[in-house]
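Working notes, beginning with the structure itself.
The values are calculated or read from the model by the stated rules, or taken from the named source; none is laboratory data. This is a predicted model, so every value here is computed, not measured. Here the Cβ positions follow ideal geometry from the backbone for every residue, glycine too, while neighbour counts run over all protein chains shown. All accessible areas refer to the heavy atoms of the entire protein, side chains included, with ligands and DNA or RNA removed. Shrake-Rupley method; radii C 1.70, N 1.55, O 1.52, S 1.80 Å.
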Amino acid sequence: MNILIAPDSFKDCLSSGKVARNIETGIRRIMPEANIKILPMADGGEGTVETLVDATGGEIIRVEVHDPLMRKIESFFGILGDSLMNKAFLFLS
């Protein structure tokens, strides 16, 4: 049997890649012979940077930035791993 696992992330809980791997683990317990393809998805919101970085073998860069009130906060951006030119992705909300 062929199975495609293509979830989005679970907000503030699990990335789409982790969701997909957990679903795969559950299916393999019941159907160890299944041909499973994992394709993590993102809708442009939370989790998109992580999904793009995971899909390309890129890197998450953690940085300290300022919020609109100039308080220091932790943030991150992603660098894609499969590009000849460096491409960074940010999530802003």
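Restricted to segment 8-32, and to residues that are touching a residue at least 12 places away in the same chain (Cβ under 8 Å) and farther than 23 Å from Leu90 by Cβ, which residue is least open to solvent (accessible area, probe 1.4 Å)? That would be Ala20.
Within segment 55-71, the set of residues being exposed (fewer than 11 other Cβ atoms within 10 Å of the Cβ) and part of a strand (DSSP E or B) comprises Arg62, Val63, Glu64, His66. Contact map, segment 40-51: residues that are on the phi > 0 side of the Ramachandran plot paired with residues that are assigned to a loop (DSSP other than H, G, I, E, B) and hydroxyl-bearing (Ser, Thr, Tyr), Cβ distance under 9 Å, separation 6+ or inter-chain. Pairs shown: Gly47/Ser9; Gly47/Ser15. Do you know which residues across segment 37-51 are of a type in the set (A, V, I, L, M) and open to solvent by less than 60 Å² (accessible area, probe 1.4 Å)? Ile38, Ala42, Val49 - these are the residues of segment 37-51 that are of a type in the set (A, V, I, L, M) and open to solvent by less than 60 Å² (accessible area, probe 1.4 Å). Taken across segment 18-39, residues that are assigned to a loop (DSSP other than H, G, I, E, B), within 15 Å of the chain's Cα centre (by Cα) and at pLDDT 90 or above do occur, with at least one present.
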